[in-house]
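Report on the structure given below.
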Amino acid sequence: MVRKLRVAVFISGSGTNLQSLIDSCEREDFPARIVLVVSSSRDAYGLERAAKAGISGEVIRQKDFPSEEDFSSALLTRLRSERVQLICLAGYLKLIPARVVAAYRDRILNIHPALLPKYGGKGMYGMSVHRAVIESGDEYSGPTVHVVDEIYDNGRIVLQARVPVEPGETPESLQKKVLAKEHETYPAALRMVAEEILKGER
Ligand code: GRF
């Protein structure tokens, strides 16, 4: 039987990337298992996706804690209770506290809907990313999976995939194309990283 890395997925919304990771992890030969979903919002549809897949989902919001320190402690306690080895951010709209980044150094991945290092950084999310790509006249866009550090969209790039920006493309049509590509790219990146980590543990 293939060994499986224990993964937590952090979400804030719809969770279509979470779904693609759930579907991949259900394959017997996939080297990861999702053991926890953390949401920054009570209304995230992704929580239903987790429930349907029999995965524990939990809402952990910074605003419910008196300080960042307490929020970090709550996150770390929950992550450790599930023996989480890797965190995948999938549409998580909050900044991960520095203490959590330090505790999971090189063990947090994020997916961004553009070809970093372009179109990243604070404020670059959702439709503003796709609008900026179209305005720039770039011929290609596509998702980037990268390692998370203390700076938004800054860490080492793990995997990218390209989609063409076609004549007449709108931010909405580009978002759709990039999102479809994300659903292939995130599981592929997770497989690579999980295999690497498990190899190192042998
Ligand atoms: C995706 O476009 C991802 O790149 C970005 O947030 C969006 C999340 O979508 N970080 P979903 O919740 O996975 O559907």
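The values are calculated or read from the model by the stated rules, or taken from the named source; none is laboratory data. Treat the numbers as computed from the prediction; the structure is a model and nothing was measured. Here Cβ is always computed from backbone atoms with ideal geometry, including for glycine, and neighbour counts include all displayed protein chains. Side chains are part of the model used for accessible areas, which takes the heavy atoms of the whole protein and leaves out ligands, DNA and RNA. Shrake-Rupley method; radii C 1.70, N 1.55, O 1.52, S 1.80 Å.
Kindly report the accessible area of the range 33-118 per residue (heavy atoms of protein chains, probe 1.4 Å, no ligands, DNA or RNA), in Å². Display every interim value, and only then the final one.
Numbers: 4190 Å² over 86 residues.
On a per-residue basis, the range 33-118 sits at 49 Å².
Apply the Karplus curve 6.51 cos²θ - 1.76 cosθ + 1.60, θ = phi - 60°, to the phi angles in the range 84-101 and return the couplings in whole Hz, x for Gly and Pro.
With the stated coefficients, the range 84-101 comes to 6, 9, 8, 10, 10, 7, 9, x, 7, 9, 9, 7, 6, x, 4, 5, 6, 4 Hz.
5 Å is the cut-off here: which amide hydrogens, built 1.01 Å from N in the peptide plane, fall below it relative to V38, excluding neighbours closer than 5 in sequence?
Placed amide hydrogens put V9, F10, I11, E58 under 5 Å from V38.
By how many degrees, between 0 and 90 and to the nearest 10, does the Cα long axis of helix 171-201 differ from the longest principal axis of the chain?
Once rounded, the angle reads 40 degrees.
Between E48 and Y140, what is 0.36 nm times their sequence separation minus the Cα-Cα distance? Round to one decimal in nm.
Values: separation 92, 0.36 × 92 = 33.12 nm, distance 3.36 nm.
So the extension gain works out to 29.8 nm.
Given the whole protein assembly as supplied and a 1.4 Å probe, what does the accessible area of D64 come to in Å², nearest 10?
80
In sequence order, what are the phi-derived ³J(HN,Hα) couplings for the range 49-65 according to the Karplus relation 6.51 cos²θ - 1.76 cosθ + 1.60 with θ = phi - 60°, rounded to whole Hz, with x for glycine and proline?
My calculation for the range 49-65 gives 4, 4, 4, 4, 8, x, 9, 5, x, 9, 8, 10, 10, 4, 5, 8, 10 Hz in order.
So what does V2 come to for accessible area, using a 1.4 Å probe and Å² rounded to 10?
About 60 Å², ignoring ligands and nucleic acids.
At most 11 other Cβ atoms within 10 Å and a DSSP loop assignment: could you name the GluC sites (Glu not before Pro) in the range 1-65 that fit?
Values: sites: E26, E28, E48, E58; in loops: E26, E28.
Qualifying residues, ordered by number: E26, E28.
Could you tell me how many degrees, from 0 to 90 and to the nearest 10, lie between the Cα long axis of helix 68-81 and the main elongation axis, the longest principal axis, of the Cα atoms of the chain?
Approximately 70 degrees, to the nearest ten.
Using the Cα centre of the chain as origin and beta-carbon charges of +1 (Lys, Arg) and -1 (Asp, Glu), tell me which of G120, S40, T77 is placed farthest towards the positive end of the dipole.
T77
At 1.4 Å probe size, with every protein chain present, just tell me what the per residue accessible area of the range 151-202 comes to in Å².
60
Bins of 10 Å, beginning at zero and ending with the bin holding the largest distance: percent of Cα pairs per bin for the range 1-133, please.
12, 41, 35, 11, 0
Nearest 10 degrees is fine. How inclined is helix 127-136 to the longest principal axis of the chain, computing both from alpha carbons?
Taking the Cα atoms of the chain, the angle to 127-136 is about 40 degrees.
Hey, got a sec? Which GluC sites (Glu not before Pro) in the range 110-202 land in a DSSP loop and have at most 15 other Cβ atoms within 10 Å?
Loop-located and lightly packed - E139, E150.
Which whole-angstrom value gives the distance between the alpha carbon centres of the range 119-166 and the range 13-57?
23
Ignoring ligands, DNA and RNA, what percent of the accessible area of the range 53-182 is carbon or sulfur (1.4 Å)?
Roughly 52 percent of what the probe reaches on the range 53-182 is carbon or sulfur.
Taking amide H atoms as placed 1.01 Å from N in the peptide plane, list the residues 5 or more away in sequence, or in a different chain, whose amide H sits under 5 Å from that of Y45.
S14
Could you identify which residue out of R80, R61, R105 has the top mean-square fluctuation in a GNM of the chain using Cα springs shorter than 10 Å?
Per the Cα network of the chain with a 10 Å cutoff, R80 tops the list.
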